[in-house]
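Below is one structure, written out as structure tokens, with a few remarks after it.
The values are calculated or read from the model by the stated rules, or taken from the named source; none is laboratory data. Only a predicted model underlies this, so the values are computations on that prediction, with no experimental measurement involved. Cβ coordinates were reconstructed from backbone atoms using ideal geometry, including for glycine residues, and neighbour counts include every protein chain displayed.
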Amino acid sequence: MKTSKSRFRSDDFSANDRIAVLQDVYAVVEEVDIDLIGDAPPFFDVLTRQIGDIGLLDARISPMAPRRTRAQANAGKEDFVLAFIQDGNVSFEADKGPSLEIGPGEAYLGINTRASRHRLYGSPRFFDVIIPRAMVLSEVADADRLMRDKLPVSPELKLLLSYAQMLARLDQPLDERVARACADHIRDLLALALGPTRDAAEQAAGRGLRHARLAAVKADIKHNLTRKWLTLETLARRHGISPQYLRSLFYKDGTSVSEYIRNSRLEHARHLLCDPEHRETRISDIAFTAGFGDLSHFNKAFRSRFGMTPSDARADAPGAQSAV
């Protein structure tokens, strides 16, 4: 399964070259024409990840007005685009289709086979999930109806965004087995969020929702390791599920919420201990930085987890020197 990640930033180009780069690269790939709004050199920071046939795009751009002509719409790209507006505002008009005004926190479903015009203004930031047409038509019950208006915000739609963003921002590559599972989870969540066919609903119920929720909670834990509020109850509330359901997710994964938090903090502490940039940082400070409030508890947990003391881990790191 094809997986790739890339980033396209205006900061990598001189101000005089940015318009040409935007037209020659981004506009060509997306098969659109771009009109800039304002006289300033364009700003863009576009992160993309491809997971099999599914594309993820996280973009911050300066105000601009992309438009897709009928010729460009007929050029062969048949993907559906589920667009989440994160900041700024979007005015969207499709040829023989809807005219929409979309703001932060809202989403809509479009397709590249329709001529369309966008106007992105304010401080535009958006996240797109790009899905093959055949996949949507086989798993979503009424895609045409959904394209007539903004999408209703639902827990499934929020979970899809959270899960897709987590995948897009991962630094490590995905092996084929993991990538295939991630693609399946996105498909299942997409169907559940947009209204699945009967077959897609049965498949999603048995495969995607539980795994995606678990992955989203784990990503939340990793992002907030040092927070004192990091508890089962708070995580359940943040993700809109019951503490009992969250406990069962981790139990079926062979662990518990508290154990996963503790082990994640220990892994983070071990990384800091082996990092040359933290060679002079006191072990007690590293323990507190990793989210432990008691040094003796940290030392005991570290030895139990890794079979060595924090001092031993630091001493074993390449080029390490003992810190006081």
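General observations
- Residue within the stretch 264-273 that is touching a residue at least 40 places away in the same chain (Cβ under 8 Å) and over 22 Å from ASP220 (Cα atoms) present: yes
- Any hit, the stretch 283-291, residues being of a type in the set (S, T, N, Q) and more than 18 Å from GLU233 (Cα to Cα): yes
- If the condition is being in contact with a helix residue (DSSP H, G or I) (Cβ under 8 Å, 6 or more places away or on another chain), in a strand (DSSP E or B) and either over 16 Å from GLN86 (Cβ atoms) or not assigned by TED's automatic domain parsing to the domain that holds SER162 (or both), then the stretch 117-137 contributes only ILE131.
- Helices (runs of 4 or more DSSP H) contained entirely in the stretch 237-295, each with at least 3 residues that are among the aliphatic types (A, V, I, L, M): 257-274, 283-289
- ARG119 passes every criterion in (1) surrounded by fewer than 18 Cβ atoms within 10 Å (Cβ to Cβ); (2) over 22 Å from ILE54 (Cβ atoms) apart from (1).
- Of all residues in the stretch 3-58, exactly one satisfies the criterion of being under 18 Å from the mean Cα position of the chain (by Cα), farther than 25 Å from SER116 by Cα and not in a strand (DSSP E or B), namely GLY52.
- Residue check for ALA183: within 18 Å of ILE51 (Cα to Cα), part of a helix (DSSP H, G or I) and of a type in the set (Gly, Ala, Ser): yes
- Residue check, VAL29 aliphatic (A, V, I, L, M), at pLDDT below 85 and closer than 29 Å to HIS185 by Cα: yes
- Exactly one residue out of LEU192, LEU159 is touching a Lys or Arg at 6+ places or on another chain (Cβ under 9 Å) and at pLDDT 80 or above, and it is LEU159.
- PHE13 farther than 30 Å from HIS185 by Cβ, aromatic (Phe, Trp, Tyr) and surrounded by 18 or more Cβ atoms within 10 Å (Cβ to Cβ): yes
- Within the stretch 62-106, being over 18 Å from ASP35 (Cα atoms), assigned to a strand (DSSP E or B) and polar (S, T, N, Q) holds for GLN86, SER99.
- Qualifying residue in the stretch 150-168 (condition: surrounded by 17 or more Cβ atoms within 10 Å (Cβ to Cβ), within 23 Å of the chain's Cα centre (by Cα) and part of a loop (DSSP other than H, G, I, E, B)): yes
Here is a yes/no grid of residues against (1) surrounded by fewer than 16 Cβ atoms within 10 Å (Cβ to Cβ); (2) modelled with pLDDT of 90 or more:
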site	(1), (2)
LYS228	yes, no
LEU232	no, yes
GLU267	yes, yes
ARG270	no, yes
HIS278	no, no
PHE298	no, yes
ALA301	no, yes
GLY319	yes, no
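- Of the residues making up the stretch 276-295, not a single one is under 23 Å from the mean Cα position of the chain (by Cα) and not acidic (Asp, Glu).
- Between GLU106, GLU139, GLU93, GLU101, the distinction of being without any contact (Cβ under 8 Å) to a residue 60 or more places away in the chain and closer than 30 Å to ARG198 by Cα belongs to GLU106 only.
- For the stretch 107-116, the set of residues classified as hydrophobic (A, V, I, L, M, F, W, C) and part of a strand (DSSP E or B) consists of ALA107, LEU109, ILE111, listed by residue number.
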